[in-house]
Amino acid sequence: MDVWGYPHQLEYYREVAKDRRVHEYTELVDDMGFVLEHHAERWKKWQVRYGTACAEDFLTRKCAKPGRFVVHIYRLFPDSRKHLVSLRMKWQPARPKP
C-alpha cells in the first residue's frame, strides 16, 4: 500500500454475545474519505458516518450474514497505526429486488 496515500485498516468483529466478539474480516484501503472533514467539532461524527457507509459497502460485497458488528478503523503510517474510531452496527443486508 502506498505510504504517501491515505492507507486505512478496517477490522470487522461479529458480536456473538454481549461480551464476545469474533474477528471476521480485515479490509485494507487507500481512502481519503476519512480525512475529508477538517472541523474538529464535526470530525468524529464524520468518521462514524463515513465508516458506516464503507462498512455497509464492504459487508455487501462479502455477502456477510446478518448480525451485529463492531468495526475498528485505523489510519496506517509507515511505522505505526492510529485508532480513529470504533463503531457498532446492526448489519441487515438488503433483499434482492424480484
Original post:
If the Cβ limit is 6 Å and pairs must be 6+ apart or interchain, which residue in segment 5-20 that is among the hydrophobic types (A, V, I, L, M, F, W, C) pairs with which residue that is open to solvent by 40 Å² or more (accessible area, probe 1.4 Å)?
Top reply: VAL16/VAL22
**OP:** Would you please name the residue that is surrounded by the most Cβ atoms within 10 Å (Cβ to Cβ), looking only at residues in segment 21-41 that are among the acidic types (Asp, Glu) and farther than 24 Å from GLN92 by Cα?
**Re:** ASP31
Subject >> Lone qualifier among LYS18, LYS44 - being open to solvent by 80 Å² or more (accessible area, probe 1.4 Å) and closer than 16 Å to LEU87 by Cβ >> reply: LYS44
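For every residue, the table says whether it meets (1) in contact with a helix residue (DSSP H, G or I) (Cβ under 8 Å, 6 or more places away or on another chain); (2) open to solvent by 50 Å² or more (accessible area, probe 1.4 Å).
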residue: TYR6; (1), (2): yes, yes
residue: GLY51; (1), (2): yes, no
residue: ASP57; (1), (2): no, yes
residue: ARG75; (1), (2): yes, no
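The values are calculated or read from the model by the stated rules, or taken from the named source; none is laboratory data. In this text, all values refer to a predicted model and were calculated from it rather than measured experimentally. For neighbour counting, all protein chains shown are included, and Cβ atoms are generated from backbone atoms with ideal geometry for every residue, glycine included. The protein model used for the area step is the full one, side chains on, heavy atoms only, and it has no ligands, DNA or RNA in it. Shrake-Rupley method; radii C 1.70, N 1.55, O 1.52, S 1.80 Å.
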